[in-house]
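Written out below as structure tokens is the structure these notes cover.
The values are calculated or read from the model by the stated rules, or taken from the named source; none is laboratory data. Fair warning: this is a prediction, and the values are worked out from it, not measured in the lab. Here Cβ is always computed from backbone atoms with ideal geometry, including for glycine, and neighbour counts include all displayed protein chains. SASA here: full protein model, heavy atoms, side chains in, ligands and nucleic acids out. Shrake-Rupley method; radii C 1.70, N 1.55, O 1.52, S 1.80 Å.
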Amino acid sequence: MRVTVCGTNCRAFTKMCRPTDPSLGRATQARASRGWRRFAVLVLAALAGGAVSAGEPDPLGSVMWDYHHERLLEGRPYVFDERVKVMAPPFAEDARQVPIQVDARALDGQIERVLLWADLNPIPRIAVFQPGPEVAPLLAIRIRVEQATPVRAAVLTRDGVWHVGSSRVDAAGGGCTAPSVVRAQPGWEDRLGQVLGGRYPRGEQSRLRVQVSHPMDNGLVGDIPEFYLNQAELRGADGQPLATLELFPAVSENPTLTLQLKTDQPAELWLRDNNGNEFQAAF
Amino acid sequence: MRQHPAAPIAVWAALLLMFGLPVQAAPDYRLEPRQIAPDTWLVEGRTENFSKDNGGDIVNVVFLATDAGVLVIDTGPSRRYGEALRAAIARVTDAPVRRVLLTHHHPDHVLGNQAFADVPIAALAGTARLMADEGDAMAENMYRLVGDWMRGTEVVLPDEALEPGVLAFGGHRLRLLALQGHTGADLAILDETTGVLFAGDLIFHDRALTTPHTPGIDAWLADLDRLGALAWSLVVPGHGPIARDDGPLRQTADYLRWLDRTFTEAAARGADMNEVMQSPIPTRFADLPLARYELIRSTNHLYPRYEGAQFRLLAPAP
Ligand SMILES: [Zn+2]
């Protein structure tokens, strides 16, 4: 048997998976209003003072920066801030499972929420993380990437400024459109919602790790509609929320999550998917 | 009549553009076989990663040139390499190539097969299966990594299944061992006549090893025990320089044990993947080419198993 190595059709695959959000056209209109917004950003940053500069161009030079700034950060003031650490491997060894870790502990105490996305993914958004006072602003998660892309974490602080950390992942691509590994495993439905994990002491604090059995279908593979975990909440002993997490189907199959609790109190993770299935696991 | 000196160049450039003639010469592997034992020739690859500069010439290929003909062990990363290898063999001997043995299915070892399509190509059954399943995807990846060197390369599957045992060839007694540590189907060959061990990628030497298909570090270490117990006086690793002692074997085992310990301890601490990828590399490995790069890859390949072994069931499926 002989198999042709690479014809011209290799590339067609990635092309259809580029961001084709119809609202992309609006970026042109938005450009007109960007002038005064830039100005406002500069003024705000000047008022905020400190070592940060504002309205600066994307250090990674992504063609999608302005678009995501408008759409995901609602065009609000931003700074590229090294205190927001985005750890990611320089290349995706497996485009279906690319580990991302965000550490914004340097901004702890001022954080409203943390937004994660990958600029060039067909589904850019990864997660929105809102750590309460008892949870460290630290999150590790694995994602699919469709092609080489910047990965971002934007931390909204109480003063209304987004602090953006970036990392770049090189990739051969295809992670978003690759056939499901989970669905190829016999009996996966029986394991749906099974939670594996552990709790690991870190000084006074606790690492919490989970791996949830779920296919995280993103609607881009075959005729399989979106079916993914979209909500998670870390809860204390009396059920009060300690942190919330909104998830998007850029997150890999069988999501693996790492969180850090600042105390040794008991905790539970509650999860829900877009079909309304709810799952719960105690640490 | 005097002509402007630049004119002929401009004319040539225009002609080249019009007819699309290649401006650069086709890349050339410049393979130089070197005799390392009676009848035994090595074509040594560089200890680098695949690149557009080296065309994937990072692998050790060996051939036995005997009166009864030539036996080739692995065919290299591309059709062009296979052709260059065949030409290099013809510079060493007039004897015809009779047979090809493949150590395992990785693209840098088998994508030169096209140049040997007229002779039997033999491999373990598991290797043939892996090539059928993953060969074209791996070849595509190679195309991305080394580019034009791959032009015209196609996967040619082996047409003969090897069993462990003794293969006689041109006065050499070749002991074939069916092992598994590197890919699940790894052929090691001990030439009992010359005392040369062809270890394939079960042994790396002075180059960080790769783990994309390993069934596990334990299995790999068990294979190294087996190879260490055999009587040989020269070892040809899949990548890196040959040696007359067991240095490469011990280095490979040492590295594997370090990986195993690093992943086990990280999983017990609750480390996530990026933290593991940034683990300190001991000085004895830090200078190996591609040490950090391969640690990142191996973390991707193997760490999920170590996490899985560490995780408890927090909640059964509802
Ligand atoms: Zn190999």
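Some values worked out for this structure:
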| item | result |
| --- | --- |
| Subset of segment B:23-57 (residues that are open to solvent by less than 10 Å² (accessible area, probe 1.4 Å) and at pLDDT below 90) | B:N54, B:G55, B:G56 |
| Qualifying positions in segment B:276-299 - in contact with a helix residue (DSSP H, G or I) (Cβ under 7 Å, 6 or more places away or on another chain) and within 7 Å of another protein chain (Cβ to nearest Cβ) | B:M277, B:I296 |
| Selection status of B:A199, within 25 Å of B:P33 (Cα to Cα) and buried (at least 22 other Cβ atoms within 10 Å of the Cβ) | yes |
| Within segment B:84-96, considering residues that are over 16 Å from B:F169 (Cβ atoms), of a type outside the set (K, R) and surrounded by fewer than 18 Cβ atoms within 10 Å (Cβ to Cβ), the one farthest from the ligand (Cβ to nearest atom) | B:D94 |
| Test: residue in segment A:221-242 that is at the interface with chain B (Cβ under 10 Å from one of its Cβ atoms) and open to solvent by less than 70 Å² (accessible area, probe 1.4 Å) | no |
| Residue that is nearest to B:A90 (Cα to Cα) [pool: residues in segment B:117-128 that are within 14 Å of chain A (Cβ to nearest Cβ) and away from the ligand (no atom under 16 Å from the Cβ)] | B:A117 |
| Complete set of residues in segment B:175-192 that are in contact (Cβ under 8 Å) with a residue 60 or more places away in the chain and within 14 Å of B:L64 (Cα to Cα) | B:I189, B:D191 |
| Residue selected from segment B:194-227 under the condition touching a helix residue (DSSP H, G or I) at 6+ places or on another chain (Cβ under 6 Å) and of a type in the set (F, W, Y), by the criterion nearest to the ligand (Cβ to nearest atom) | B:F204 |
| Hits in segment A:98-140 - residues which are in contact with an Asp or Glu (Cβ under 6 Å, 6 or more places away or on another chain) and open to solvent by 10 Å² or more (accessible area, probe 1.4 Å) | A:P122, A:V128 |
| Selected residue (only one of A:R125, A:R83 is closer than 23 Å to A:V210 by Cα and either among the basic types (K, R) or at pLDDT 95 or above (or both)) | A:R125 |
| Unique residue being out of contact with any Cys (no Cβ under 9 Å at 6 or more places or on another chain), within 18 Å of B:L162 (Cα to Cα), more than 14 Å from the ligand (Cβ to nearest atom) and among the basic types (K, R) when the list is B:R99, B:R30, B:R79 | B:R99 |
